[in-house]
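Trainee: Please find one structure pasted underneath; my questions will follow.
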Ligand SMILES: NC(=O)c1ccc[n+]([C@@H]2O[C@H](COP(=O)([O-])OP(=O)(O)OC[C@H]3O[C@@H](n4cnc5c(N)ncnc54)[C@H](OP(=O)(O)O)[C@@H]3O)[C@@H](O)[C@H]2O)c1
């Protein structure tokens with residue numbers, strides 16, 4: 001038995017519970033991982049509140065018991081099923097679940113949904129990488145950045161934005177990054193030009209880059225697509241991961257995490273993090289049993305980088 005984050009009705013963070021559940025032994029092609037860290041993502045809030053129930057109904061709707069949460073995790077392999085090659089007990093891994101079950105002490109999952117954790121990547125970063133990493137990769141690929149381009153990343157301090165900003169810089173672009181003042185020093189340190197979001201944003205960007213903007217990555221929503229259009233960016237080089245109404249209305253791109261191959265993307269991001277070419281700041285960490293507080297922190301939607309659950313000690 002081990003503990004897992006569960007909920008049995010839709011609602012706010014107060015519906016989250018930590019329940020004792022049976023550990024499932026790995027079937028053929030699977031591994032069981034002792035989870036060390038597990039990241040939180042805003043999409044989980046929408047699913048838990050029932051806002052997406054027609055697309056992602058919770059298990060309890062079908063009488064299948066409580067629903068779980070989480071896609072991002074990192075941990076240590078503790079059991080290996082039959083017909084699994086290249087993965088051994090004791091391996092440290094970064095995982096990517098599509099089963100809403102990563103916020104748990106133990107997860108049983110297909111062996112091809114884990115990659116080796118580079119030793120120099122911290123547990124907190126490894127356990128927070130999947131959703132934001134693949135989404136940042138997708139966002140940057142979507143707008144087809146070329147060396148010398150000027151690119152705006154809106155929401156550049158969030159989990160997705162902070163990685164998209166750095167990937168765009170690595171791609172050779174001049175990157176204007178929108179964020180609150182307190183996050184400007186970090187964005188400057190990774191080679192971006194920070195600017196405050198809010199009223200007057202378009203004029204501020206025009207003053208910073210008077211020759212214009214080639215591509216726009218919206219990682220936040222709230223009028224950023226309109227700002228991109230006002231800046232004269234070609235609609236085929238505007239991507240939003242957060243404003244589906246604007247995507248439909250203006251015919252801009254909406255590529256997100258499902259548009260990239262997760263394993264390949266994670267291996268590349270892991271390598272960049274290990275080399276020190278990429279950083280994923282951790283805004284806050286919480287123990288597993290404070291998952292409600294962790295979501296309340298995430299729900300504030302301010303701060304630099306990721307909110308992560310520390311499920312176990314990586315050295316045990
Ligand atoms: N389509 C997909 O595949 C996909 C995948 C992942 C996420 N998403 C969506 O993408 C969005 C970002 O996700 P995330 O994980 O990066 O979220 P997050 O880490 O919770 O984002 C928080 C960030 O939002 C920034 N922010 C708040 N108000 C802002 C504003 N008005 N303008 C610009 N930035 C603002 C904050 O910056 P300051 O601290 O500087 O204020 C903070 O750093 C969410 O809506 C999420 O649901 C979509």
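Coordinate-derived values only; no laboratory data. The shown structure was predicted, so the numbers you read here are calculated from the model rather than taken from an experiment. Because the Cβ atoms are built from the backbone with ideal geometry, glycine has one as well, and the counts that use them run over all protein chains shown.
Trainee: Just to verify a number: FRET efficiency for residue 188 and residue 52, C-beta to C-beta distance, R0 = 41 Å, to 0.05?
Mentor: That pair, residue 188 with residue 52, gives E of 0.65.
Trainee: Taking N as the number of residues in segment 59-152, what is its Cα Rg relative to 2.2 N^0.38 Å?
Mentor: Output field value: 1.35.
Trainee: Compute the separation of the alpha-carbon centres of segment 206-260 and segment 1-60 and state it in Å as a whole number.
Mentor: When both Cα centres are located, 32 Å separates them.
Trainee: Which log10 I(q)/I(0) values does the chain give at q = 0.07, 0.13 Å⁻¹ under the Debye formula, counting every alpha carbon as one identical point scatterer?
Mentor: Evaluating at q = 0.07, 0.13 Å⁻¹ gives log10 I(q)/I(0) of -0.28, -0.92.
Trainee: For residue 248 and residue 293, calculate 0.36 nm times their separation in residues minus their Cα-Cα distance, and state this gained length in nm to one decimal.
Mentor: Result for the pair: 12.7 nm of gain on full extension.
Trainee: Now a separate question. Please determine, in degrees from 0 to 90 and to the nearest 10, the orientation of helix 130-142 with respect to the longest principal axis defined by the Cα atoms of the chain, where the helix direction is its Cα long axis.
Mentor: Taking the Cα atoms of the chain, the angle to 130-142 is about 30 degrees.
Trainee: Please give, to one decimal in nm, the separation of the simple spin-label points placed at residue 82 and residue 211, each 7 Å out from Cα toward the Cβ.
Mentor: Modelled inter-label distance: 6.3 nm.
Trainee: Compute the relative contact order of the chain as a whole-number percentage, counting only Cα pairs closer than 8 Å that sit 6 or more residues apart in sequence.
Mentor: In percent, rounded to a whole number, it is 20.
Trainee: In nanometres, what is the gap between the two model label sites at residue 300 and residue 112, each 7 Å from Cα along Cα-to-Cβ?
Mentor: Distance between the two pseudo-spin positions: 4.2 nm.
Trainee: For the residues 45, 205, 94, what sequence is obtained by ranking on other C-beta atoms within 10 Å, fewest first?
Mentor: Sorted ascending by nearby Cβ count, the order is 45, 205, 94.
Trainee: Please work out how much length the chain gains when fully extended from residue 8 to residue 258, using 0.36 nm per residue of separation minus the C-alpha to C-alpha distance, in nm with one decimal.
Mentor: 87.3 nm
Trainee: Give the share of C-alpha pairs in each 5 angstrom bin for segment 132-258, from 0 to the last occupied bin, in whole percents, shortest bins first.
Mentor: 2, 13, 26, 28, 21, 8, 1, 0
Trainee: Right, another one. Helix 159-170 sits at what angle to the longest principal axis of the chain, using alpha carbons and giving 0 to 90 degrees rounded to 10?
Mentor: 60
Trainee: Next question. How much length is gained if the chain between residue 275 and residue 98 is pulled fully straight, taking 0.36 nm per residue apart and subtracting their Cα-Cα distance, in nm to one decimal?
Mentor: 60.9 nm
Trainee: For each of 112, 22, 289, 149, count neighbouring Cβ atoms within 10 Å of the residue's Cβ, then give the residues from fewest to most.
Mentor: 22, 289, 112, 149
Trainee: Also, quick follow-up: Report, in degrees rounded to the nearest 10, the 0 to 90 angle that the Cα long axis of helix 262-275 makes with the longest principal axis of the chain.
Mentor: Long axis of 262-275 versus the principal axis of the chain: about 80 degrees.
Trainee: If you project the alpha carbons of segment 182-316 onto the principal axes, what extent comes out on each, in Å, largest first?
Mentor: 54, 34, 32
Trainee: Output the antiparallel fraction of DSSP beta bridges having both residues in the chain, as a percent to the nearest 5.
Mentor: Antiparallel bridges make up about 60 percent of those DSSP assigns within the chain.
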